[in-house]
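The values are calculated or read from the model by the stated rules, or taken from the named source; none is laboratory data. Predicted model, so just to flag it, every value in this text is computed and none were measured. Cβ placement follows ideal geometry from the backbone for every residue including glycine, while neighbour counts extend to all protein chains displayed. Protein only, heavy atoms only, side chains kept; ligands, DNA and RNA dropped before computing areas. Shrake-Rupley method; radii C 1.70, N 1.55, O 1.52, S 1.80 Å.
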Amino acid sequence: MSEFWNSRIKKLSPYVPGEQPKDRQIIKLNTNENPYPPSPKVIEAIKNAAGERLRLYPDPECATFREAAAARYGVKPQQVFAGNGSDEILAFAFGAFFESGEKAAQILFPDITYSFYPVYANLWDIPYRTIALAEDFSINIADYKIPLGGGGTCGGVIFPNPNAPTGVAVTLDDILSLAEFLEKQEKVLIVDEAYIAFSGAPNAKSAVRSINNHPNLLTVHTLSKSASLAGLRFGFAIGNEKLIEGLCRVRDSFNSYTLDFLALTGAAAAVSDTAYYDEITNRVIATRDRTAGALRNLGFTVLPSSANFLFVKPPRISGAELFAALRRRGILVRHFNKDRIADYLRVSIGTDEHMDKVLEACREIMSN
Ligand code: PMP
């Protein structure tokens, strides 16, 4: 605390990201990074871009990237927004589409979800209400349909699909029915598709293909997970042109150039190389499903995952104990000390070799 901070900054409780240990020997399965390298075409594009051109500002319109993403997803470039990580886009989206102040209607998101959402809501002074996940940790879409009239209305809805840290996905039909419901109330639905690539046959559950039918539906994407580019800091959103224009208004009131030339060049190459990325995504999915089966055989509760991580509860010992025992064996996973999930750990999917080490460690810990 400092007397020089204004009252708004004093009230913030910022998000705390997963640890980035200096020790390279650690098997790092705590921030859902991809264990495989980025596409060689991305590296080559960035190397070629690292030259005299850096003298100039990057393109504030991000045209090359937006065209590449539009071609990849079958949308128009004006329906694509690029940001410095999807975190930045989420921050802009809260500012652009949800109302602030005591009198504003509450926005809704799950009680167990990406813990950055309440941070953005507080930053922008947006009132919110959390909706409990069902007993099996799934999102019950009916709970988000608050009718107009006596029961009031909500200020908008956001959740990840698949959800994090549970990995549990919602069906596309459910998402579209909620988008339709909210459209009648002139409210926005943001679907954070950070992990959608891991949900099966190319983005089977993605809502991207439905944005032309739902002007209030914004889908948010990241290159940090499936494109193996967490270090590049690049995210993008796809939605109706007017939503994208809203995001641009917020961005251009902060910083006209949130993305540098190297990132823009690398990102355009990444969204264009579907062959490479489909292959590593399928590898991660196969490793995930094999690991889930092996952990269930050890007596773990393993939630059905559509993401590149597993949310697991060990038999007999607590989540905190297992976290500490894995850490002592050089394996770093994520533990959230929160109601309902304190006995669970989120384990990112690494290579087959990494996951064999995890399984071996779990067997040993459980037999003690
Ligand atoms: N959404 C969800 C659900 C996430 O788990 C993450 C990663 N922490 C993000 C968004 C942000 O990803 P990035 O800023 O790296 O694009």
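For the listed peptides 350-359, 263-272, a ranking on the average number of other beta carbons within 10 Å per residue, highest first, reads 263-272, 350-359. For the pair residue 100 and residue 297, a Förster radius of 56 Å applied to the C-beta separation gives a FRET efficiency near 0.65, rounded to the nearest 0.05. Counting only protein heavy atoms, what percent of the accessible surface of the stretch 40-272 is carbon or sulfur at a 1.4 Å probe? Roughly 51 percent, rounded to a whole number.
Taking the inverse of the mean reciprocal distance over all distinct Cα pairs, the Kirkwood hydrodynamic radius of the stretch 240-357 comes to 17.5 Å. Spin-label model, residue 145/residue 256: points 7 Å from Cα along the beta carbon direction are separated by 4.6 nm. Over the stretch 105-235, Cα pairs under 8 Å with separation of 6+ residues give a relative contact order of 21 percent.
Normalise the Cα radius of gyration of the stretch 136-290 by 2.2 N^0.38 Å (N = residues in it) and let me know the number.
Values: Rg = 16.9 Å, N = 155, 2.2 N^0.38 = 15.0 Å.
Cα Rg divided by the expected 2.2 N^0.38 Å: 1.13.
Summary value for the chain: 23 percent relative contact order, contacts being C-alpha pairs under 8 angstrom separated by 6+ residues. With the simple model of a label 7 Å out from the Cα in the direction of the Cβ, residue 24 to residue 317 spans 3.0 nm. If R0 equals 45 Å, the separation of the Cβ atoms of residue 48 and residue 134 corresponds to a calculated FRET efficiency of about 0.35.
Remark: C-alpha extents of the stretch 40-272 on the principal axes read 62, 38, 30 Å, sorted largest to smallest. For residue 124, the accessible area of its heavy atoms, probed at 1.4 Å with every protein chain present, is near 70 square angstrom.
The alpha-carbon atoms of the stretch 101-186 define a convex hull whose volume equals 91 cubic angstrom per residue.
Within straight-line reach of residue 184, meaning a Cα separation under 26 Å, sit the following lysines at least 8 residues removed in sequence or on another chain: 76, 103, 145, 205, 242. Between residue 359 and residue 115, the FRET efficiency from the beta-carbon distance, with R0 = 30 Å, is close to 0.60.
Taking a point 7 Å out from the Cα of residue 171 in the direction of its Cβ, the residues of the stretch 121-143 whose backbone N falls within less than 19 Å of it are 134-143. In terms of overall dimensions, the stretch 208-303 has a Cα radius of gyration and Dmax of 17.9, 53 angstrom.
Tell me the mean residue ellipticity at 222 nm calculated for the chain from its helices only (DSSP H runs of n ≥ 4, each -39500 (n - 2.57), averaged over every residue, nearest 500). Could the numbers behind the result be given before it?
Numbers: 11 runs with 133 residues, N = 368.
Estimated from H runs of four or more residues: -11000 deg cm²/dmol.
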